[in-house]
Amino acid sequence: MNNVHSDFVKADQLLAAFSEKEDKFIPRFVSLLDNMLDFIDKAEVKGKVVVNEMALGYMLLDYFEDIRRLKSFHGIEHVNSIKIVAYTSYWFLRRKPMQILEQDKELIYINEKFILAYILDFLSGDDRVPILLRDNEGLKSFSESLLYFLKYRLHEANSLEMMLTAFFAGQIYQEKERDLSNELAKYI
């Protein structure tokens, strides 16, 4: 037990590390907050669900600390978009910054539903038609399975990352007579 230790980084040091080249914390905070407020409006749960901005801030601190460790361990300067979405989703579900104000069982999984929308928006990419609005039973089934996973299964950032990678791999494999290794490399 004497060999176990943790390196704690103070929040101000972490913020400084991500603000050296460009300030990433505030734009990410504002972007997530705007997305959450938009989600609350579209879900018509305004007044029933609020954003706890302190929990959102701590969620982002946890996210940036994980990314800092990941970059340090792998000796890389940037992480790919799949990692960003996976680690953001993971820490969002750990901190649950959307909080319910009413006793309503339909709202219990509001954080998971937001992350489902967040992930599906990412998976939709540049396509103008979001995944849930496409006339494709396979994608609808995938969305339902993903929500179930987010609600009831143990999830880690790396399992979310693998799921996102597998989704893109599945899209590539649907196209025939192509060298898939080069296509998949774009997403990793």
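The values are calculated or read from the model by the stated rules, or taken from the named source; none is laboratory data. Only a predicted model underlies this, so the values are computations on that prediction, with no experimental measurement involved. Cβ coordinates were reconstructed from backbone atoms using ideal geometry, including for glycine residues, and neighbour counts include every protein chain displayed.
At-a-glance table
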item: Residues of region 28-66 classified as assigned to a helix (DSSP H, G or I) and in contact (Cβ under 8 Å) with a residue 12 or more places away in the chain, total; result: 22
item: Extreme residue, nearest to Glu161 (Cα to Cα), among residues of region 67-87 that are free of Cβ contacts under 8 Å to residues at least 60 places away in the same chain and assigned to a loop (DSSP other than H, G, I, E, B); result: Val79
item: Phe114 vs. criteria aromatic (Phe, Trp, Tyr), under 25 Å from Gly138 (Cβ atoms) and in a helix (DSSP H, G or I); result: yes
item: Test: residue in region 117-136 that is outside any helix (DSSP H, G or I) and modelled with pLDDT of 95 or more; result: no
item: Residues of region 151-167 classified as closer than 16 Å to Tyr109 by Cβ and surrounded by 14 or more Cβ atoms within 10 Å (Cβ to Cβ), total; result: 2
item: From Tyr90, Tyr148, residue being modelled with pLDDT of 90 or more, assigned to a helix (DSSP H, G or I) and surrounded by fewer than 15 Cβ atoms within 10 Å (Cβ to Cβ); result: Tyr148
